[in-house]
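Report on the structure given below.
The values are calculated or read from the model by the stated rules, or taken from the named source; none is laboratory data. Note that the structure is predicted; figures quoted are calculated from it, not measured. Cβ atoms come from the backbone with ideal geometry, glycine included; neighbour counts cover every protein chain shown. With ligands, DNA and RNA removed, areas are computed over all heavy atoms of the protein, side chains included. Shrake-Rupley method; radii C 1.70, N 1.55, O 1.52, S 1.80 Å.
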Amino acid sequence: MWVFYLISLPLTTGMVLLTLRYFAGPDVPRYVLFTVGYTWFCSLSIIILVPADIWATISSHHENGGISFFWSWSYWSTFLLTWAVVPLIQGFEDAGDFTLSERLKTSVHVNLVFYLIVGSIGLFGLILLIIMHKFWSGSFSGLAMACSNTFGLVTGAFLLGFGLSEIPKRVWRNADWTTRQKVLSHKIAKMAVGLDDAHEELSNAIVVAQATSNQMSKRDPLRPYMDVIDDMLTQMFREDPSFKPQGGRFGGNDMDYDTDEKSMATLRRHLRGATEEYYRYKSEYMTYVLEALELEDTIKNYERRNSTGWKYISSIRPARTGKLGSVFDTLDMIGFCLIRK
């Protein structure tokens, strides 16, 4: 069994770390990375716990106490992270307030409103269930467990069913280069429209922030908050000098942000949200463009494979040099043009 642990534990940890590295943005705080990584590890711990539980049950080794502890650790960790820790951090990071305490208060307020709505719906369903089953003798804990298990089973069946059908279908369709080119052309056009809208929204937010800053005097009590927003703009232009605001326009209430601290927090939150939306669209757009260019290179290399001596020639990366350069070009030809297809 120790061999299984030595394989499954590093494998699960590696899956979490690779997924974090792939999806995490460059400016994500470390405590967010740790929380998300721990959450994913708790969710994926079933890969380790289920075989261990089965082994402990059918073997002569009685380790039910240890297995029970790890099951409880996984369950309650996931429970607390899902319903308390992660939503709190989400609201904290999404808040535009300028102090830690105010951001925490905003997060708690948003989550309390959400849980109040969900709790009201759940209470209404419980009252309705009691009215419909006057002679129901079950316990509330049993009802809660049944609802939880039903939700988990239905969600798991839906996700597994979608993955088992959609992933092979997508792989099969992507193997057809002509179809994939059409799909990528459609996605690039769609992302270009979204990127243009996101650029316009960010330009509007920047123009409003700059106009608010210009009309605010240095002695204004809200000036320190405005300086924080100005620093955000300065950092953004320094990191991306190519960005130029275009088409910025004012709305009916765009100049009402300098009334109090909460309005300034709303301006900061709006500016940060528009920035993240723009760079998300830009990243997805560039990903699809590069994939389309790579696919075009693959088709050309496959058609000219005999004339190029089975060497993969790319138009988006520099040519390889050295003794092993031609070997890697041949491996790319085999991998991109034969194995992937």
message = among the small types (G, A, S), in a helix (DSSP H, G or I) and either more than 30 Å from T179 (Cβ to Cβ) or modelled with pLDDT under 90 (or both): which single residue out of A209, A292 fits that description?
response = A209
ask   = Looking at (1) in a loop (DSSP other than H, G, I, E, B); (2) in contact with a Ser or Thr (Cβ under 8 Å, 6 or more places away or on another chain); (3) touching a residue at least 12 places away in the same chain (Cβ under 8 Å), can you tell me which one N301 breaks?
value = (1)
key: Within segment 13-93, helices (runs of 4 or more DSSP H) holding 2 or more residues that are open to solvent by 60 Å² or more (accessible area, probe 1.4 Å), at pLDDT 90 or above and closer than 24 Å to R269 by Cβ   = 30-44
remark   = Within segment 159-187, residues open to solvent by less than 70 Å² (accessible area, probe 1.4 Å) and among the β-branched types (V, I, T) come out as T179, V183
task = Given the conditions (1) over 31 Å from the mean Cα position of the chain (by Cα); (2) of a type in the set (D, E, K, R); (3) open to solvent by less than 80 Å² (accessible area, probe 1.4 Å); (4) modelled with pLDDT of 90 or more, report the number of the one that D260 does not fulfil.
result = (4)
ask   = When you look at G138, is it part of a helix (DSSP H, G or I), modelled with pLDDT under 90 and of a type outside the set (S, T, N, Q), yes or no?
value = no
ask   = Are there any pairs with C-beta distances below 6 angstrom linking a residue in segment 319-341 that is among the charged types (D, E, K, R) to a residue that is open to solvent by 70 Å² or more (accessible area, probe 1.4 Å) and outside any loop (DSSP other than H, G, I, E, B), with the two at least 6 apart or on different chains, and if so which?
value = R320/F328
key: Residue list for segment 167-200, filter: free of Cβ contacts under 8 Å to residues at least 24 places away in the same chain, in a helix (DSSP H, G or I) and over 30 Å from G273 (Cβ atoms)   = I167, P168, K169, R170, V171, W172, R173, N174, T178, T179, K182
task = Can you run down the residue pairs with Cβ atoms below 7 Å, 6 or more apart or on separate chains, where the first is in segment 78-94 and over 15 Å from T106 (Cα atoms) and among the polar types (S, T, N, Q) and the partner is surrounded by 14 or more Cβ atoms within 10 Å (Cβ to Cβ) and at pLDDT below 95?
result = T78/C42; T78/S43
key: Residue list for segment 315-341, restricted to those being part of a loop (DSSP other than H, G, I, E, B) and among the β-branched types (V, I, T)   = I316, T321
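Check whether at least one residue in segment 178-201 is closer than 23 Å to M286 by Cα and over 28 Å from the mean Cα position of the chain (by Cα), and report yes or no. So that I can check it myself, show each step before the final result.
Let us first name the residues in segment 178-201 that are closer than 23 Å to M286 by Cα, namely 178-201.
From the residues that got through so far, the ones that are over 28 Å from the mean Cα position of the chain (by Cα) too are 178.
The answer is yes, given that some residue of segment 178-201 is closer than 23 Å to M286 by Cα and over 28 Å from the mean Cα position of the chain (by Cα).
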query = Quick one: in segment 114-129, which of the residues that are hydrophobic (A, V, I, L, M, F, W, C) and open to solvent by less than 70 Å² (accessible area, probe 1.4 Å) is modelled with the highest pLDDT?
reply = V118
